[in-house]
Amino acid sequence: MEKIIRLLSILLGLQLALAIALAFSGPDLENQTPDMPFASFKKSEIDGVSIQGGEGETVVLAQKEGRWVLPEQKDFPANAHLVENLLESLGALKQGLPVATSATAQGRFKVAEKEFERKIVLSQKGQPKATLYFGTSPGMRLVQARVEGSDAIRTVAFANHQAPVKIDDWIDKDILAITTEEIETIEVAGRTITPVAAAETANKDGKAGEKKEEGQKKEISWNIAPLGQGETPNQEELARLARTLAQLRIDGLETLDPEGKEALKQSTLELSIKRKNGSKTVLKVARVEKKNLYLIQSTTREEVFRIAGYVGELFLKKPLKETLITSPNRPAAATPPEAGSAANPQHMTVPDAAQNDEKGPAHSGESSPAPTPDPSTTSGASTSVAPDGSPPAISPEKGSETPTR
């Protein structure tokens with residue numbers, strides 16, 4: 001009996017030891033709450049971001065001299081706003097409750113080391129600070145995620161499209177934009193365009209000479225030279241050209257093939273912009289006809305860029321040499337005659353007798369009412385107004401005499 005009790009005591013002790021060992025060796029989920037940060041890093045310390053897609057696509061971003069660039073694209077400027085938004089979104093993630101902790105589940109939810117939808121590595125001076133895996137999505141703006149070094153798979157409020165893996169999605173697309181305030185001159189189609197800022201304006205009371213309120217943009221008009229006799233600047237088209245330059249956005253980087261090289265060699269449009277700081281930029285815009293592709297190249301960059309079709313059309317749809325000026329030789333659009341005019345007799349109206357009677361002598365210019373005409377002395381024709389308002393019909397009266405030739 002004593003041997004049995006001793007044996008059972010030993011088994012109980014082994015069970016307790018095994019339970020304690022499992023408690024300390026398993027994932028520490030008890031001390032983790034759903035509102036804890038999903039990944040622990042300081043946004044201000046991160047100067048490198050690597051994003052890898054499930055098919056091997058990779059984007060590398062780095063912060064150099066205080067600005068975000070794409071080092072694998074010769075330090076092409078990145079969209080800093082997008083990078084900062086990504087870091088803020090990752091830093092704000094809460095871990096929530098785990099949905100699985102097994103190694104097999106990592107492959108099923110696509111958060112495994114070699115099977116994932118997104119792998120994001122945040123680093124400082126080349127040393128990883130956090131490695132995050134994002135996989136399948138259980139719902140809108142939700143995704144299964146895992147932090148490297150942990151087996152816990154969690155559902156976090158994130159979407160994989162917030163971390164795109166295409167280079168064109170991360171470049172600074174405003175890199176070629178030139179604001180109106182920067183422009184000193186624009187040379188295009190053999191003409192020079194110069195902005196003229198209105199220094200004074202009239203106020204509501206019509207008083208001239210009062211300056212615009214602080215913060216209000218100055219009105220800008222444009223001069224263009226040379227001008228032929230009677231030609232004037234087309235302010236609407238000149239302002240449109242300036243807006244196109246100020247809002248110029250590229251679609252992406254383009255690798256030139258022979259057709260693209262030939263199109264730029266015979267570029268349809270060339271603009272030379274001189275800035276007020278003395279620098280000069282020459283833009284070449286061309287269209288690859290077979291691909292319906294619009295290209296733009298700047299002397300400030302070595303790359304060639306794609307631009308959207310509607311942007312290309314703004315540059316190339318009409319010859320700027322013709323649209324930037326107003327010529328007196330161009331026929332003006334004919335204005336249709338107004339209703340009731342002599343040129344549009346179908347809408348003429350004849351006042352009725354009652355209206356004439358109401359005017360009286362003062363309006364007719366006579367001192368007394370007009371006598372009633374004698375039928376025998378009439379001219380032989382009478383007028384009548386059709387009920388539908390059509391022109392008066394003239395018909396001979398009975399008893400009228402035909403004039404002798």
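The values are calculated or read from the model by the stated rules, or taken from the named source; none is laboratory data. Being a predicted model, the structure only gives us computed values, none of them experimental. Positions of Cβ are backbone-derived with ideal geometry, glycine not excepted, and every protein chain shown enters the neighbour counts. Heads up: the accessible areas ignore ligands, DNA and RNA and are worked out on the full protein's heavy atoms, side chains in. Shrake-Rupley method; radii C 1.70, N 1.55, O 1.52, S 1.80 Å.
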Notebook entry, point to check: Residue check: is residue 260 among the small types (Gly, Ala, Ser), farther than 19 Å from residue 318 by Cα and in contact (Cβ under 8 Å) with a residue 24 or more places away in the chain?
Noted result: yes
Next item on the list: For residues that are surrounded by 16 or more Cβ atoms within 10 Å (Cβ to Cβ) and out of contact with any helix residue (DSSP H, G or I) (no Cβ under 6 Å at 6 or more places or on another chain), scanning just region 302-315, find the one that is farthest from residue 172 (Cα to Cα).
Entry: 315
Check: Which of the residues belonging to region 35-64 are in a loop (DSSP other than H, G, I, E, B) and not hydroxyl-bearing (Ser, Thr, Tyr)?
Finding: 35, 36, 38, 39, 41, 42, 46, 47, 54, 55, 56, 57
Next item on the list: Take region 274-301 and flag every residue that is open to solvent by less than 10 Å² (accessible area, probe 1.4 Å) and out of contact with any helix residue (DSSP H, G or I) (no Cβ under 7 Å at 6 or more places or on another chain).
Entry: 281, 283, 296, 298
Margin query: Within region 66-91, take every residue that is charged (D, E, K, R) and within 25 Å of residue 305 (Cα to Cα) and give me the one that is surrounded by the fewest Cβ atoms within 10 Å (Cβ to Cβ).
Written below: 74
Check: Considering only helices (runs of 4 or more DSSP H) fully contained in region 263-369, which possess at least 3 residues that are farther than 22 Å from residue 226 by Cα, at pLDDT below 75 and small (Gly, Ala, Ser)?
Finding: 353-364
Margin query: Looking only at residues that are at pLDDT 95 or above and open to solvent by less than 40 Å² (accessible area, probe 1.4 Å) in region 247-262, which one is farthest from residue 193 (Cα to Cα)?
Written below: 252
